[in-house]
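One structure is given below, encoded as structure tokens.
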Ligand SMILES: Cc1cc2nc3c(=O)[nH]c(=O)nc-3n(C[C@H](O)[C@H](O)[C@H](O)COP(=O)(O)OP(=O)(O)OC[C@H]3O[C@@H](n4cnc5c(N)ncnc54)[C@H](O)[C@@H]3O)c2cc1C
């Protein structure tokens, strides 16, 4: 029986929001739990949208965070297909697009992120796509199948994770693929140039063309159809469809309009939260892609800055952590960021945080040529991040090394015959 005296409202029907609702009930919260999402689908996980669901290997039903029937069973009030348009902090209520106002005692903002748009001529053509939502993946599946059937060309702007995963899926359908990337190597902002080359080689081996050091300047078309994609160095790539995969921006509009503190752009933007995921308003919390939380100082990282990570695991764990903090529990969110990706027959996990400029050395353990190795990013011999490629069950050890902040013996770190478990930390 729900006790209507206390109401917790969650804005955002993604993984962070769904997991927060689940945790509130699991922790015994008996008040009203209201989950509001502007998508019509029940909360789902996005990683399959550029992998198994896009290639056709995974069913639609497998992507949902919970069985749709779970919400009614757990007495979680779902408002799907409804956007929250404002947060009134004085009245402690949220306003919905249809004019309804809902009062809250505690509020969680789990509004996620949205794809960045190309700001060039031609983006209104029907063959220009983004990939964030199930509906986008449904459409892209059909597009890739048609391109494969007709020997069509897909141009992908951006060699980040999503761009590369879609490139792999598109090659699987038999489409011609060109990836245009402003940096000199793929995944530059995450793994830097040293390991980026490996991903360029992987995709080239599967028939993907790259155009590095260039940006799209125009998408040409006729009768609404895409014909080509032009770059700032004067090249023109044939294209039937274009995917803009140039990153995502945190959905901070509600928080900003409500006067909540935002993180600096150098910290990835987003809603600034403390280690318990509390915003500058003590009754409002934020989690998932939209939240910028303090680095805890592990691995010799600076503890005085925030970081915003767009990772599945951060939504999976951050939603529950915020829920516990909303319940008044003592919460310190100090997870090492964790990410995974699958491209062709390469699977990887990445732990930590080491963008270019933050590390001074990369150490590889194993055989990068055979695509079976662990790479470490270090600063002053301390591990900031580690990525295991086609090597499994090592995440725990990598994260332990990151957390320890201990200087490492580099020869031992690079030697696959020295067990990771035996290394200092
Ligand atoms: C194609 C794709 C592949 C990915 N693959 C991986 C991967 O392999 N590994 C990995 O670690 N991560 C991956 N990610 C990232 C991961 O999916 C995200 O980190 C995760 O979805 C974040 O969850 P979230 O709940 O914070 O935000 P979201 O999933 O973005 O959910 C937020 C929800 O809130 C809604 N919303 C926003 N504003 C409002 C409002 N005002 N009112 C109502 N509703 C609102 C949004 O529409 C959305 O439904 C991938 C992401 C994408 C898009």
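The values are calculated or read from the model by the stated rules, or taken from the named source; none is laboratory data. Note that this is a predicted model, so its numbers are computed, not measured. Glycine gets a Cβ as well: all are built from the backbone with ideal geometry, and neighbour counts include every protein chain shown.
Some points to look at:
Yes or no, residue by residue, for (1) more than 16 Å from the ligand (Cβ to nearest atom); (2) in contact (Cβ under 8 Å) with a residue 24 or more places away in the chain:
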site	(1), (2)
204	yes, no
209	yes, yes
214	yes, yes
217	yes, yes
221	yes, yes
226	yes, yes
240	yes, yes
248	no, yes
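- Residue selection: residue 304 satisfies the criterion of being more than 13 Å from the ligand (Cβ to nearest atom), surrounded by fewer than 21 Cβ atoms within 10 Å (Cβ to Cβ) and free of Cβ contacts under 8 Å to residues at least 12 places away in the same chain.
- Residue in the range 89-104 that is surrounded by the most Cβ atoms within 10 Å (Cβ to Cβ), counting only those that are assigned to a strand (DSSP E or B) and touching a residue at least 24 places away in the same chain (Cβ under 8 Å): 94
- Residue tally, condition in contact (Cβ under 8 Å) with a residue 60 or more places away in the chain, in contact with a strand residue (DSSP E or B) (Cβ under 9 Å, 6 or more places away or on another chain) and in a loop (DSSP other than H, G, I, E, B), over the range 23-63: 5
- Consider the range 105-123 and keep the residues that are more than 14 Å from the ligand (Cβ to nearest atom) and touching a residue at least 24 places away in the same chain (Cβ under 8 Å). The one that is surrounded by the most Cβ atoms within 10 Å (Cβ to Cβ) is 106.
- Verdict on residue 259 being assigned to a loop (DSSP other than H, G, I, E, B) and closer than 30 Å to residue 157 by Cα: no
- Taken as a whole, the condition of being away from the ligand (no atom under 14 Å from the Cβ), in the same structural domain as residue 308 (by the TED database) and at pLDDT below 95 does not apply to residue 31.
- When residue 312 is tested against the conditions (1) within 17 Å of the chain's Cα centre (by Cα); (2) under 23 Å from residue 87 (Cβ atoms), the lone failure is (2).
- Boolean, residue 167 is modelled with pLDDT of 95 or more and in contact with a strand residue (DSSP E or B) (Cβ under 6 Å, 6 or more places away or on another chain): yes
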